[in-house]
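*Asks:* Below: one structure in structure tokens.
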Amino acid sequence: MQNKLLVIGLVWPEPQSSAAGTHLLHLIELFAKHNWEVHFASAASTSLYSVNLNSKGIFTQEILLNDSSFDTYIQTLNPQAVLFDRFVTEEQFGWRVAEQCPNALRLVDTEDLHCLRLARQEAYKQKRDLTPSDLFSDTAKREIASMLRCDLSLIISEFELDLLQNTFGIKRNLLFYLPLLADPITTETQAAWLKFEERSDFVFIGNFLHEPNWQTVLYLKQHIWPVLSKQIPTASLKIYGAYPPQKALELHKASERFLVLGRAESAQEVIQNTRVLLAPIPFGAGAKGKLLEAMCYGTPSVTSSIGAESMPGDLPWNGTVTDNDDAFVEAAVHLYQNEDHWRQAQENGMHLVNSRFDQNKFEQVFIDQINYLLQHLESHRATNFIGALLQHHSLQSTKYLAKWIEEKGK
């Protein structure tokens, strides 16, 4: 019998808008590729940019928050596994899944550690370094509790994998490292890339709904571009991103060659036509899809230590990683003007993708782990008493809050 997977999305995937949308779509396609019947449900509204899942053979369903109609839906579907898109979705629907389908494997796709990103954001706003106490926030308690209630949490960053084990004390068997995935770069791929002399300008791309991206654009505008633009007066800095607010559009200054261009119809096209990607990301978490895309399209980058966090391992970066503004500008100029240096950075990116993000190296290992857990779910859960304890408390609090909201709505 064909296994069924239910993915409960926080939003409908928009792979052209964010790395999170791309990663979730990769997960959906991975299960479908391995002969799972995949269903996707969300309480959010679709948008013009939502991917057409039905065209990919995925069944879709609109669901309601705090409504017992979901109980009937999942009981009828009776999936073998349920994947929650980020911890807030598990908070909303996890207890219902556990109650109606207790034998379903429960997975949470973290995307990034929200508690880490928000802690770094607060420290950045206060212009101070992150402290250990910043991590133990209410968000962290909610997020870690959600992960413990699940059978497996998918982590895209080795830094976060280490943090979860050594700072928050989560057992390794509850975590699975599944990075952002990419097709391997072949000689044919490289041959199709535009050459150094065929490219021009600098680029940054990122969904404006994501606060680190907005702060990066501000940093480029206020600290990097005023210096860099004087050193390379023939180049422009092109800023792309979905859902730009008015405050971002107002930064557009053609006379300064600082161009805020909104949503890119094709991230691949704008990145592969550009000579260097700039990403002085001041805070954040997870792995950065824009930097992986730059490698995949043969575009060197200059970024911060937060931007490159967890991505290169022991391998050289496809450009430069620095948190010093002067060094950042110097690296950007050198990459832009020195073809030999640019080519070496491009080569570094190719090795990084093929060594650390090649989907062929991770897909089967992941599916094997899912199959193992399906066969040994009872013994696996027996090692996670804290998760069972939290599930019990969840059923006594979140469950009845949801029921109260439902009754109040009536």
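The values are calculated or read from the model by the stated rules, or taken from the named source; none is laboratory data. This one's a predicted model, so the numbers in the text were calculated from it and none came from an experiment. When we count neighbours, we look across all protein chains shown, and the Cβ atoms used for this are built from the backbone with ideal geometry, even at glycine. Side chains included, ligands, DNA and RNA excluded: accessible areas come from the protein's heavy atoms. Shrake-Rupley method; radii C 1.70, N 1.55, O 1.52, S 1.80 Å.
*Asks:* Of K33/K238; K56/K195; K125/K230; K141/K403, which pairs sit farther than 32 Å apart, going by alpha carbon to alpha carbon?
*Replies:* Correct reply: K33/K238; K56/K195.
*Asks:* Based solely on its DSSP helices, what 222 nm [θ] is calculated for the chain when runs of n ≥ 4 H residues each add -39,500 (n - 2.57) and the sum is averaged over all residues, nearest 500 deg cm²/dmol?
*Replies:* Roughly -13500 deg cm²/dmol at 222 nm, from the helical runs in the chain.
*Asks:* Something else now. Tell me, in nm to one decimal, what length is gained between L315 and A388 on full extension, where the rule is 0.36 nm per residue of separation less the Cα-Cα distance?
*Replies:* Using 0.36 nm per residue and subtracting the Cα-Cα distance, I get 22.3 nm.
*Asks:* Right, here's the next one. Leaving out ligands, DNA and RNA, what percent of the accessible area of segment 98-223 is carbon and sulfur, probe 1.4 Å?
*Replies:* 51 percent
*Asks:* Distance from a point 7 Å along Cα→Cβ of S266 to each backbone N in segment 15-31: keep the residues under 16 Å and list them by number.
*Replies:* Only 16-17 pass the distance filter.
*Asks:* Now a separate question. Over segment 11-72, with the other protein chains present, what is the accessible area per residue in square angstrom, probe 1.4 angstrom?
*Replies:* Accessible surface, normalised per residue, equals 48 Å².
*Asks:* Here's a follow-up. Which whole-number value in Å³ per residue fits the convex hull of the alpha carbons of segment 299-410?
*Replies:* 234 Å³
*Asks:* With a 1.4 Å probe and all protein chains left in place, how much accessible area per residue does segment 312-356 have, in Å²?
*Replies:* Counting only protein heavy atoms, the per-residue value for segment 312-356 is 49 Å².
*Asks:* With a 1.4 Å probe and every protein chain kept in, tell me what percent of the accessible surface of segment 236-347 is carbon plus sulfur. Mind showing how you got there, number by number?
*Replies:* Working: 1940 of 4350 Å².
Result for segment 236-347: 45 percent of the exposed heavy-atom area is carbon or sulfur.
*Asks:* Counting only heavy atoms of the protein chains, get the accessible area per residue of segment 155-209 (1.4 Å probe) and round it to a whole Å² value.
*Replies:* That works out to 44 Å² per residue.
*Asks:* Select from the chain the helices, each a whole stretch of DSSP H, whose alpha-carbon atoms run 27 Å or more along the helix axis and whose Kyte-Doolittle mean is at least -0.5; answer none if there are none.
*Replies:* Span-like helices here: none at all.
*Asks:* Want the number for K141 to H341: 0.36 nm per residue separation, take away the alpha-carbon distance, what's left?
*Replies:* Extending this stretch completely gives an extra 67.4 nm.
*Asks:* Does segment 72-218 come out rounded, prolate or oblate, given a ≥ b ≥ c as the square roots of the eigenvalues of its C-alpha gyration tensor, rounded meaning a/c under 1.5 and, failing that, prolate meaning a/b above b/c?
*Replies:* Judged from the Cα gyration tensor, segment 72-218 comes out oblate (a/c at least 1.5, b/c at or above a/b).
*Asks:* Still on this model: If you split all Cα-Cα distances of the chain into 10 Å bins from zero, what percentages do you get per bin, shortest first?
*Replies:* 4, 21, 30, 25, 14, 5, 1
*Asks:* Tell me whether segment 177-262 comes out rounded, prolate or oblate; compute the Cα gyration tensor, take square roots of the eigenvalues as a ≥ b ≥ c, and use a/c under 1.5 as the rounded threshold. Don't skip to the answer; put the middle values down first.
*Replies:* Values: a/c = 2.38, a/b = 1.29, b/c = 1.84.
It is oblate, given that a/c is not under 1.5 and a/b is not larger than b/c.
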